[in-house]
């Protein structure tokens with residue numbers, strides 16, 4: 001049984017819309033990567049070894065996205081998935097590291113504060129900003145949305 005012409009046009013329009021959406025996701029992802037790496041470098045976010053993680057992940061992301069665009073094969077897709085999953089993980093680890101760093105700093109200033117006071121100070125701290133690692137989480141989820149929204153099977 002063959003698809004009706006109107007159904008074929010609708011399928012084609014849906015595929016075109018999905019393709020356009022994928023390009024928007026990719027553009028936003030690349031813009032986010034560029035903005036984040038710029039901010040991290042300007043803030044000198046490389047004083048300790050753990051602070052290199054987002055910088056290394058951004059370089060890895062640009063590399064695998066370039067590979068995915070050029071080859072669009074199973075290996076490039078898997079590599080992109082892995083790097084983006086690492087972004088998500090780095091977001092959670094970064095949140096914990098920022099929380100710990102802010103807690104240590106606040107306790108140095110006032111070791112007698114209650115847990116509730118400490119939590120309030122950490123949530124309002126500007127250095128290290130508690131929610132900044134959430135950008136890594138967002139970029140990772142955006143990258144995963146890009147990879148998993150591809151309706152075409154990869155070339156193997």
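In this structure, residue 154 does not qualify as closer than 30 Å to residue 12 by Cβ, in contact with a helix residue (DSSP H, G or I) (Cβ under 6 Å, 6 or more places away or on another chain), surrounded by fewer than 18 Cβ atoms within 10 Å (Cβ to Cβ) and modelled with pLDDT of 90 or more.
Look through 64, 37, 53, 41 and report the one residue that is part of a helix (DSSP H, G or I) and closer than 24 Å to residue 150 by Cα. Let's see the steps before the verdict.
Working: 37 fails: closer than 24 Å to residue 150 by Cα; 53 fails: closer than 24 Å to residue 150 by Cα; 41 fails: closer than 24 Å to residue 150 by Cα.
The unique qualifying residue is 64.
Give 84, 135, 113 a once-over and let me know the one that is surrounded by 12 or more Cβ atoms within 10 Å (Cβ to Cβ), at pLDDT 90 or above, touching a helix residue (DSSP H, G or I) at 6+ places or on another chain (Cβ under 8 Å) and assigned to a loop (DSSP other than H, G, I, E, B).
Details: 84 fails: assigned to a loop (DSSP other than H, G, I, E, B); 135 fails: assigned to a loop (DSSP other than H, G, I, E, B).
Criteria check complete, one pass: 113.
The values are calculated or read from the model by the stated rules, or taken from the named source; none is laboratory data. None of the values given here were measured: they were computed from a predicted structure. With ideal geometry, Cβ positions are generated from the backbone for all residues, glycine too; neighbour counts draw on all protein chains shown.
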